[in-house]
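Below you'll find the structure, written out as structure tokens, and then a few comments.
The values are calculated or read from the model by the stated rules, or taken from the named source; none is laboratory data. Keep in mind the model is a prediction, meaning the values are calculated, not measured. Counting neighbours? That spans all protein chains shown, and the Cβs are built from the backbone with ideal geometry, glycine included.
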Amino acid sequence: MSDLAISCRGLVKRYPPDVIALDGLDLEVRRGECFGLLGPNGAGKTTTVEILQGLTARDAGAVEVLGQTWERNGHALRERLGTALQETRFPDKLTVIEVLRLFRSFYKEGTDIDRALAQVNLQEKRNARVTQLSGGQHQRLAVATALVADPELLFLDEPTAGLDPQARRGLWDIILDLRSRGRTVLLTTHYMDEAERLCDRVAIVDHGKVIALGTPRELIAGLGAEHVVEFAVEDGMPSVADLEPLPGVRAVRAETSAMRLTVTRVHEAVPALMGLLRDRELTLSQLATHHATLEDVFLQLTGRSLRDG
Amino acid sequence: MAERHGGPLVQLTLWRVRELLREPEAVFWVFAFPVLLALALGLAFKNRGPQAITVGVVEGTADWVEVERVLGEADGIRAEALSAGEGARRLRTGRIALLVTPGEPITFTFDETREESGLARMLVNNALQEAGGRHDVREVREVRVTEKGSRYIDFLIPGLLGLNIMGTGLWGIGFGLVRTRKNGLLKRLLASPMPKSQLLLSQILARLVFLVLEVAAVVLFGIFVFGVPFRGGLIAFLAVVFIGATAFSGLGLLVAARARTIEGVSGLMNLVMVPMWIFSGVFFAWANFPDAMHLYIQMLPLTALNDALRAVMLDGTGLGGILGWLGILAAWGVASFAVALRLFRWS
């Protein structure tokens, strides 16, 4: 048995007349890992997940899921996958347990409904109607409908989109728990902190292609620096050429009203920056530093912020 | 196996049944509405005793008082003394059937295209000729009957039943499916190993669960409140109802096969239903339409359903006599189910 849960090569998906959702996307997900597809809205994440689940036809490329293809083993494959799709609304009038019984009935070999309910921490809502659930609880129900399949591979499409911070953390705990039990999970997100926190490996997707791949740590290390310094001055910004020679600075990027330095050693770079500004008689209006994140990786690669989309 | 709770078809059907039961509006439209409609129409068209026809007598003319007295005593006529102008106005607006201007000769003013005016002319003429001394030469004996089954309410109840079976089939299935599609649930179901045809089949099964109750409500109401006859066999009746409901469930699937919005599917439903409300003999017999249209009208599923229901309920026709109508209904059901399955959009 192959150790790959998912392998796809050269995926292309066009939406006529002129949208290219996927432009030759390659992906390999290993068994037992939690893999994140990270990218802005519209990058092609949902299209990828839908093609991998046999819900959307591709225009070109090859897909293997759990060593099978949709063309040959479609029906058998569905028995082995679990999914929480983006923007599914479960029937308002049903109770949580009724929804789970419904989804459980589709699978020959599934898991105990109450166990799935416990895994997503929803036992106390067992007999509540779907309308009475909060956004986070509804999303946890979506994950539970995936878990009743006892799936070998779990797809979670934007599992925390639109949730408040507390509900997001609740869902993170559930996903971390699944990961620690060795389940293969493919999740998509446009939240970098989510990908960093949950995923063993991450593929950054933009304009229908994978533009970076690795563990979150590797990707951040790929920046060659671990910190980011952002500053703005009241008038007359120093040039990129002035800033590049400063000690510890690896990269400089001019933004609309600020400068962004990627640095290895904050304690050397910041005093040197202050010295430079003093010599030029410039006054700081803003200064911030943070540990480099996947957001910075994305910015470095595309020149855009993840949230800009 | 216990964990599967009866399998997907049972669970899918339960889903739809629960959704309907937990929606008070749906319960009203399915059960209360047809009964209220039958009650209202039944009262409006209840057979009343023969009504007196109102005629006008022009005041101030020669012996108008005598003419008004004679007409006032005659059966079936109500006479009102009016000025010439008022009489002409009431005749024009249809409030009187005929205007009598006494004199020599007596003048009758009326519109010959109005049925009751023709009747008024005859009654008024008879009353005045008899008062003037005419003798009838043959003796006549009258026997008056009211036959159950020939009244308007008897015609109406099977029509309302057919209308209800059509409406709940299209609405119940159409709206439910489109809402499910709009909520992204159809796509979510497609991602599971659920057999696709079972989803569509479960919609029909859920309909049949309610069908028994809604049909019983209308039929029992007709029988006990208006004394509508039920002359046919139960098996023939159930066959008509089930095959009819299945045909309209198939049409419901078809109109909902691609629509993404409730507005879209509502338009399609009206497109399907409104012509049948008019042509299929719900409120009046389709034979009133020109002969050239009869063949087309008879091919409509609601026409077949209504005709079959009337044949069984009013004429007591057995299963053998309604096979043609059942064939039309079954053909609609099978064809629309097959086309719906092909056209069906999951997202």
| field | Selected residue (criterion: nearest to the other protein chains (Cβ to nearest Cβ)) from residues of the stretch A:108-133 that are touching a residue at least 12 places away in the same chain (Cβ under 8 Å) and of a type in the set (A, V, I, L, M) | value | A:I113
| task | Give the stretch B:112-126 a look and list any residue that's more than 31 Å from the chain's Cα centre (by Cα) and over 17 Å from B:V58 (Cα atoms), or say none. | result | B:M122, B:L123, B:N126
| field | Condition broken by B:S192, with the remaining ones in (1) part of a loop (DSSP other than H, G, I, E, B); (2) at pLDDT below 90; (3) under 30 Å from A:Q139 (Cα atoms) satisfied | value | (2)
| request: Tell me, please, whether a residue that is surrounded by fewer than 18 Cβ atoms within 10 Å (Cβ to Cβ) and closer than 30 Å to B:W171 by Cβ can be found in the stretch B:9-16. | output: yes
| request: Among the candidates B:T13, B:T109, single out the residue that is in contact with a Leu (Cβ under 8 Å, 6 or more places away or on another chain), modelled with pLDDT of 90 or more, under 30 Å from B:A206 (Cα atoms) and of a type in the set (S, T, Y). | output: B:T13
| field | Residues that are part of a helix (DSSP H, G or I), at pLDDT below 95 and among the small types (G, A, S), drawn from the stretch B:267-310 | value | B:G267, B:A287, B:A292
| Residues of the stretch A:87-107 that turn out to be more than 8 Å from every other protein chain (Cβ to nearest Cβ) and out of contact with any Ser or Thr (no Cβ under 9 Å at 6 or more places or on another chain), as a count | 3
| query | If A:H75 passes every condition in (1) at the interface with chain B (Cβ under 9 Å from one of its Cβ atoms); (2) farther than 29 Å from B:R22 by Cα; (3) surrounded by fewer than 18 Cβ atoms within 10 Å (Cβ to Cβ); (4) touching a residue at least 24 places away in the same chain (Cβ under 8 Å) but one, which one does it miss? | reply | (4)
| request: Kindly check whether there is at least one residue in the stretch A:265-276 that is in contact with a strand residue (DSSP E or B) (Cβ under 9 Å, 6 or more places away or on another chain), assigned to a strand (DSSP E or B) and free of Cβ contacts under 8 Å to residues at least 60 places away in the same chain. | output: no
| task | Give the stretch B:276-299 a look and list any residue that's free of Cβ contacts under 8 Å to residues at least 60 places away in the same chain, surrounded by 15 or more Cβ atoms within 10 Å (Cβ to Cβ), under 19 Å from B:A311 (Cα atoms) and not polar (S, T, N, Q), or say none. | result | B:F279, B:W286, B:I297
| message | So, B:L213, is that one assigned to a helix (DSSP H, G or I) and either surrounded by 18 or more Cβ atoms within 10 Å (Cβ to Cβ) or at pLDDT 95 or above (or both) or not? | response | no
| said: Give all pairs with beta carbons closer than 6 Å in which a residue from the stretch B:313-339 that is touching a residue at least 40 places away in the same chain (Cβ under 8 Å) meets a residue that is of a type in the set (K, R); count only pairs at least 6 apart in sequence or on separate chains. | reply: B:G316/B:R231
| message | Please go through the stretch A:58-72 and give me each residue that is in contact (Cβ under 8 Å) with a residue 24 or more places away in the chain and assigned to a loop (DSSP other than H, G, I, E, B), ordered by number. | response | A:R58, A:D59, A:L66, A:G67
| note | Listed by range, strands (runs of 3 or more DSSP E) wholly within the stretch A:179-237 having at least 2 residues that are in contact with a Gly (Cβ under 8 Å, 6 or more places away or on another chain) are A:184-189, A:201-206, A:209-214
